[in-house]
Every structure is written in structure tokens, then in C-alpha cells.
Amino acid sequence: MKKVAILGSTGSIGTQTLEIARTNGDLEITALAAGSNVERLEAQIREFRPSLAAVWAEEKAKELKSRIRDLDVRVVTGMEGLIEVAEQPESGILVTAIVGMIGIRPTIAAMKAGKDIALANKETLVTAGHIIMPLAEECGVRILPVDSEHSAIFQCLNGENRCELHKILLTASGGPFRGKKKEELREVQVEDALKHPNWSMGRKITIDSATLVNKGLEMMEARWLFGVEPQDIKIVVQPKSIIHSMVEFADGAVIAQLGTPDMKLPIQYALYYPQRRYLPGERLDFWKLGQITFEEPDMENFPGLRLAFDAAAAGGSLPTVYNAANERAVALFLDRKIRFLEIPELIERCMEEHKAVKAPSVEEILQTEAEVYERIEQMRH
Ligand code: NDP
Ligand code: MG
């Protein structure tokens, strides 16, 4: 039986991972971690019976302890707790379904403990890809992509010779504001930005999809996962999210992976790789679909994507600045403290004011994150 631990089990990816475990019935859930949603976590613990559970907030951890005092489950908290879940001796694979750079340290801990990683937490690769990828090789563990585009690329590369890979064609839906100009984007509200046309996801990534920052993060994620240069990744807007991404080989052949927009497919593929399992749900009907259309991405009105290419080209600590500034800006936008267009503006200002560090260590990455947070605080006062 495959033994699975999950960071962020109460979120969008986390709950879908557990749905797959429920349907297949042959995955053992060994440890779960969440931020503060102890009600949902309790229900998950009662159903899947892990031996370890982590809750970020100490108060909430106490609450969970008392809620499940009839069960033999150890409850841990804080970063130490996340690391314990990541290193849990019984498990073979860790699903990183937590949001943000907080995923870096537990991911590294899991790899060092010999666990394969089913990676949803793209922020980890964006900021620390230069550490994570060589470490995976050193530890002999796999990084299996959960992000739908990266799973698609991974599937397209199955059995192919990596050195014949010419280009990655990373598809994008364009988000809820595709086709809009800056003037129209000025007044958009949190509710509008949270309405993604095709995917139902957590709040942070949904905002990232509206600014196209998500595609920028995915470009950097792809760069590390597949060992390509940013200029070899082309963004192709495909509004219906039917093609999940494509690869172009040296001879000009293009291979694509298609499917209905359902995250359970890439999650299940990562969990059972290289096996494919039956997955209930709608199938693509090309007769009904009629057509699939393509567009160029609009980097003028959505500067968040352009800035990602700038950050990737500069390298070093710049991707961390891009990511950290975005994390903070999205939180401020969700709190209605800043406007939509201020998200890329804050990212750009932080990138301009940053003194880059080459090949930053984990400590330097976290230091850069703290500096960016402080800078944004100062800018706002
Ligand atoms: P959600 O916001 O839905 O879920 C986040 C999860 O992380 C929750 O379980 C949350 O717990 C937990 N969490 C947050 N902060 C902490 C913390 N400090 N300590 C422990 N747990 C914490 O996010 P998503 O599932 O949408 O996204 C997760 C990751 O996957 C992101 O990196 C995202 O970019 C990536 N991803 C998501 C996709 C999707 O379809 N949703 C697609 C591709 C990638 P709590 O509920 O208690 O707050
Ligand atoms: Mg994606």
C-alpha cells in the first residue's frame, strides 16, 4: 500500500487528494497538516486515521487535540510540526498542497528523509528550484508534478529523449479578465477576480490566474522541473483549458496532453505514476467541443507575466522577490487594502529596489522574503 502524507490537506488540492484516496481505497494516509481549519481536519482524521496531524496555529492545535482526544493521533504545531509531517517515517510520498514559500523547508526535509514529492506548491520551485532539483537527484527521490500544465508536460515527455526537447508550450486560460485593457482592470473587485472561467481552486492561485502571475510562476516552475531556459518556454493562451500543455521536439513534432479541466487527473497521476488508474468523471467530447482556439498572451495589460520573465532572466534571488512581493500583494488585495493593478506594481517596485543575490541559500531566500515584506510595509506608510 502506498503511504501518503499531505501538507495542506484541507485546501483545494488537499481535499481532492483525499477524494482520490477515498475512491481508490488503496492509499494509506499517514499524516496530515493544515493551517487553521480544525473542523475539516478533524473530519479528515476520523475518516482516514493518520497517526500524525499538524496545525500551524498553536491555539488551533490545542483545539484539535481536545476534539480528537478519543483517537490515538499525535498533534504537532508550527514549522516543526510541518517538518515532522514531511519526515514522517512511515510515508513514502509527500503531497505539498500548502500555499506559499512556507513549503520550502518541509519539502527539503521530506527529500532528505527519502520521500518522493507530489509537488503542487509551485512557490517552492520558483524560489528554490536551484536547490530542490539537485537535492532530489542527490537523495534519489522523484519530484512528480501536480500542477496540471506540468503534469501535461511530464506526460508528453514519457519515453522521449529529453535532449531532443526543443520548446515547452505552456498553455494558459488567460483568466477571468482575458481581453480587458488596463483602464477596465483598474476597478475590478475581489469577487470578480475570484471567478475563474474553468478551474475551481484556492483563493491565492485564483487571484494569480487573474493577474497572469500564475503563468509566470508556472514558467519558472517548468524551467526547473524540465531543465530548460526561460526563453525556451512559450506561453500559449487557450481559453477553454482543454490542452493542458504541449512540448515541441527538435524535428518540429508537437505532443499535447488534453482532458477536461479536473485537477484529480494530475493528482492521481502523480500518486500512482507510472500507472494510470480509472478516474470517474466527464470525458472530452470533441464533437461537442467543436473548436480549440489560441492567442498570444497580453503582457502589456497583464505586466505580472512580463515581470516573471524578467525575474527568471535575472535569476538568483529575483524570482524570490517576484514571488514574495506577489504573495504579500495578493493577501493585501484579498483584504481589500490595495487595488488589482497594484499587485504587479508592487512586484515591479520590489524587483527594482532589490540587490540580487546569486544562487541564494534557503536562509537567504527566507531573508529576502522577510525584506520584501518589510519593504511593502514601508511603501504603504
Ligand atoms: P488552498 O488555499 O485551497 O489550500 C491551502 C492549504 O494549505 C490548506 O489546507 C491550508 O490550511 C494550508 N495551509 C496554509 N497555510 C498553512 C500553514 N502555515 N501551515 C500549514 N498549512 C497551511 O490552496 P490550493 O489547494 O489552491 O493550492 C495549494 C498549492 O497548490 C499552491 O501552491 C497552488 O499554487 C498550487 N496549485 C493549486 C492548484 C489548484 O487547482 N488549487 C492547481 C495547481 C497548483 P487551512 O485550510 O487550515 O487554512
Ligand atoms: Mg496550473
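The values are calculated or read from the model by the stated rules, or taken from the named source; none is laboratory data. What you see is a predicted model; the values in this text were computed from it and never measured. FYI the Cβ positions are ideal-geometry reconstructions off the backbone, even for glycines, and counts take in every protein chain you see. The area values use the complete protein model at the heavy-atom level, side chains included, leaving out ligands, DNA and RNA. Shrake-Rupley method; radii C 1.70, N 1.55, O 1.52, S 1.80 Å.
Details
- Wholly within the stretch 212-324, helices (runs of 4 or more DSSP H) carrying at least 3 residues that are surrounded by fewer than 20 Cβ atoms within 10 Å (Cβ to Cβ) and without any contact (Cβ under 8 Å) to a residue 24 or more places away in the chain: 286-289
- Test result for E191, surrounded by fewer than 18 Cβ atoms within 10 Å (Cβ to Cβ) and either assigned to a helix (DSSP H, G or I) or not acidic (D, E) (or both): yes
- Within the stretch 175-188, considering residues that are part of a loop (DSSP other than H, G, I, E, B) and out of contact with any Ser or Thr (no Cβ under 9 Å at 6 or more places or on another chain), the one nearest to ligand 1 (Cβ to nearest atom): R178
- Residue-level check: of (1) within 14 Å of N326 (Cβ to Cβ); (2) of a type outside the set (G, A, S); (3) surrounded by 21 or more Cβ atoms within 10 Å (Cβ to Cβ), F177 misses just (1).
- Residue match in the stretch 74-85 (condition: within 16 Å of ligand 2 (Cβ to nearest atom), under 24 Å from the mean Cα position of the chain (by Cα) and either surrounded by fewer than 20 Cβ atoms within 10 Å (Cβ to Cβ) or in contact (Cβ under 8 Å) with a residue 24 or more places away in the chain (or both)): no
- Residues being within 15 Å of ligand 1 (Cβ to nearest atom) and assigned to a strand (DSSP E or B) - total across the stretch 5-44: 8
- Among the conditions (1) more than 21 Å from the chain's Cα centre (by Cα); (2) more than 16 Å from ligand 2 (Cβ to nearest atom); (3) under 19 Å from K240 (Cα atoms), E187 misses just one, which is (3).
- Within the stretch 354-381, being within 13 Å of A311 (Cα to Cα) and surrounded by 11 or more Cβ atoms within 10 Å (Cβ to Cβ) holds for H354, A356, V357.
- When S200 is tested against the conditions (1) closer than 19 Å to M263 by Cα; (2) touching a strand residue (DSSP E or B) at 6+ places or on another chain (Cβ under 8 Å), the lone failure is (2).
- Here V141 clears all of (1) within 10 Å of ligand 1 (Cβ to nearest atom); (2) crowded, with 17+ Cβ neighbours inside 10 Å; (3) of a type outside the set (K, R) except the condition numbered (1).
- Condition check for L284: modelled with pLDDT of 95 or more and touching a helix residue (DSSP H, G or I) at 6+ places or on another chain (Cβ under 8 Å): no
- Here G8 meets the list (1) in contact (Cβ under 8 Å) with a residue 40 or more places away in the chain; (2) away from ligand 2 (no atom under 16 Å from the Cβ) almost entirely, failing just condition (2).
- Residues of the stretch 112-137 that are open to solvent by 10 Å² or more (accessible area, probe 1.4 Å) and among the β-branched types (V, I, T): I131 alone.
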